[in-house]
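Read the structure below first, then the notes.
The values are calculated or read from the model by the stated rules, or taken from the named source; none is laboratory data. Just so it is clear, the structure is predicted and the values come from calculations on it, not from any experiment. In this analysis, Cβ positions are derived from the backbone assuming ideal geometry, glycine residues included, and neighbour counts consider all displayed protein chains. Accessible surface areas use protein heavy atoms only, side chains included; no ligands, DNA or RNA. Shrake-Rupley method; radii C 1.70, N 1.55, O 1.52, S 1.80 Å.
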Amino acid sequence: MLLPKFSAQFFVWIGIVASTSLFLSSCTISMSREEQIKNILTAPSLETSLSAANEEEDIFAQKGWPGEKWWEIYGSEEINRLIEKALQNNPTIQAVKARIDYAKNNAIIARSNLFPIIYFNASDQWQYLSENGLYRALNPKIALSNQQIDFSLSFSYEFDFWGKYRNQYLAALGREKAAQAETAQAELITAAALAQSYFALKTNLVRKRLYEELYEVRKNYSALQTSLQEHSLDSILPPLLSEEAVYEAKQWVLGIEEEIAVGLHVVNILAGNGPDEPLEIEGPLPSLPEKLAIPDNISSELLSRRPDLTAQIWRVDALARDVGSARAEFWPDINVLGILGFQSGSWSKLFEWASKTIGATPGLSLPVFTAGAIGANADAKLALYDEAVYQYNELILKSFQEVADLLAIGRSVYKQKGEQDKIVRRASARYDLTVLRQQNGLDDDLTVYRFLEEMIQKQLDDVELLYGQYLVSVRLIKALGGGYIHK
């Protein structure tokens, strides 16, 4: 069996390619570390805000970072069920998850450029030559009827000396990581929005009960005023004013009923249900954590605890890889094409050794003049990188501001709620005392109704602050990343 003969030039090319591969294997073109980090902000300090929070030991407690299922701290089976369902069925989350598959497959496509591409080719060509044609005139011994059968493997490979394709692959991996972090951010946003909407719905049910009580109080008060006027014991003005107050209270009842109906729709949609799906919302209010939990290492770990920051970090990294890939275009492409197979004029001789065909075509392509296209492309990629860096810086500042703001808001809301509890207790005591005086003939029914209305108004203010506590609790958990850990 004879081996195929190759020209000396072919072996020279192979030797050049092999030696060049060894010499240039570490010559990847990419952004330097200094170039990448020169405009990136460091994490701001929250020392002042944390110090102020730590002084309020009855409001804040150092209990570490939020857990992965942070909503379980409220002790509500209903909200647990709703959020778990939302994480499975919410369309927004499902759409973001689809981006992971898209990014993952793009990474596979980018990785394929690092390997040889091999194709199998098969053809069976039959041709009847013109007896008077040029080809037959130059080759009179060739039969008029011809068949050409071709079975071959063709391959191509571009040597990635400058890291163009490696950078493209790493950029695709970075975008996949960013998509995973974006999914975690979408889940956090959805869970937080659902928790806030659920707490708004539950507190609105309490407000509705109080507004209905207030409506009844004003109706009774107006009836007494009308009775006094009818018995000529008072002028027409007080009944008119009391009737106006009744209509106003009825408006409040209608308004809160509207809020509850819309709130039910919002909760259902966030959970991935239809708007009219029945909900079990008549139970007691979910328990509120006695203290707001804050970790003691926010400044050093927040960057890795927030999925939105992590996603932006991976976007920046991917764009840095894009810059390296674009700069590699300045350097020559070295590639090789090859073919290996069988060719024959008949099927009976196709797989004989004499029917073999082998070929190789080394090549080199060096950009000489591109009218500035390569440099402009590299500068454009660098501009996109700089834009992503500045977006990351803005996100860092806003993230730390959000935490600092919520520490201040939490301190204020919890203190206001404490004072409001005292106000409600005083109003309740004043009402009880008035009832006792009325029973002993020292006060009239109008006075009792006035103090009852005042107490209800104080209770309404208390419910507003209670919702504020729920809200700041959820928002602080969200600002701290909601249990996310960058891996």
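Against the condition in a helix (DSSP H, G or I), among the β-branched types (Val, Ile, Thr) and within 41 Å of the chain's Cα centre (by Cα), how does Ile477 come out, does it pass?
So Ile477 fits the description; yes.
Please determine, by comparing only the residues of region 95-130 that are part of a helix (DSSP H, G or I), in contact with a helix residue (DSSP H, G or I) (Cβ under 7 Å, 6 or more places away or on another chain) and not charged (D, E, K, R), which one is most open to solvent (accessible area, probe 1.4 Å).
Asn106
Restricting to region 439-456, give me the number of residues that are assigned to a helix (DSSP H, G or I) and open to solvent by 60 Å² or more (accessible area, probe 1.4 Å). Give the derivation first.
Residues of region 439-456 assigned to a helix (DSSP H, G or I): 439, 445-456.
Subset that is open to solvent by 60 Å² or more (accessible area, probe 1.4 Å): 439, 445, 450, 454.
Total satisfying the criteria: 4.
Could you identify the single residue in Asn132, Asn54 that is within 30 Å of Gly410 (Cβ to Cβ), polar (S, T, N, Q) and modelled with pLDDT under 90?
Of Asn132, Asn54, the one residue that is within 30 Å of Gly410 (Cβ to Cβ), polar (S, T, N, Q) and modelled with pLDDT under 90 is Asn54.
When you go through (1) at pLDDT 95 or above; (2) open to solvent by less than 40 Å² (accessible area, probe 1.4 Å) one by one for Arg209, which number turns out not to apply?
(2)
I'm trying to understand the selection: among the residues of region 298-324, which are open to solvent by less than 20 Å² (accessible area, probe 1.4 Å) and among the β-branched types (Val, Ile, Thr)?
Ile298, Thr310, Val316, Val323
List pairs: first residue in region 405-416 and under 21 Å from Asp462 (Cβ atoms) and in contact (Cβ under 8 Å) with a residue 40 or more places away in the chain, second residue open to solvent by 50 Å² or more (accessible area, probe 1.4 Å) and assigned to a helix (DSSP H, G or I) anywhere in the structure, Cβ distance under 9 angstrom, at least six positions apart or on different chains.
Once the first residue is under 21 Å from Asp462 (Cβ atoms) and in contact (Cβ under 8 Å) with a residue 40 or more places away in the chain and sits in region 405-416, its partners that are open to solvent by 50 Å² or more (accessible area, probe 1.4 Å) and assigned to a helix (DSSP H, G or I) give Ile409/Arg475; Gly410/Arg475.
Conditions: (1) part of a helix (DSSP H, G or I); (2) over 30 Å from Leu395 (Cα atoms); (3) open to solvent by less than 20 Å² (accessible area, probe 1.4 Å). Gly338 meets all but one. Number of the miss?
So Gly338 meets the others, but not (1).
Which one of Glu158, Glu187 is under 30 Å from Leu319 (Cβ atoms) and surrounded by fewer than 19 Cβ atoms within 10 Å (Cβ to Cβ)?
Glu158
Mind telling me which of the residues Pro238, Pro284 ends up being at pLDDT below 90, surrounded by fewer than 19 Cβ atoms within 10 Å (Cβ to Cβ), in contact with a helix residue (DSSP H, G or I) (Cβ under 7 Å, 6 or more places away or on another chain) and over 23 Å from Asn393 (Cα atoms)?
Only one candidate passes the filter, namely Pro238.
Considering every residue within region 165-180, establish whether at least one is modelled with pLDDT of 95 or more, part of a helix (DSSP H, G or I), more than 11 Å from the chain's Cα centre (by Cα) and under 30 Å from Pro284 (Cβ atoms).
No: region 165-180 contains no residue that is modelled with pLDDT of 95 or more, part of a helix (DSSP H, G or I), more than 11 Å from the chain's Cα centre (by Cα) and under 30 Å from Pro284 (Cβ atoms).
Scan region 395-409 and give yes if some residue there is closer than 30 Å to Leu446 by Cβ, modelled with pLDDT of 95 or more and open to solvent by 60 Å² or more (accessible area, probe 1.4 Å), otherwise no.
No, every residue in region 395-409 fails to be closer than 30 Å to Leu446 by Cβ, modelled with pLDDT of 95 or more and open to solvent by 60 Å² or more (accessible area, probe 1.4 Å).
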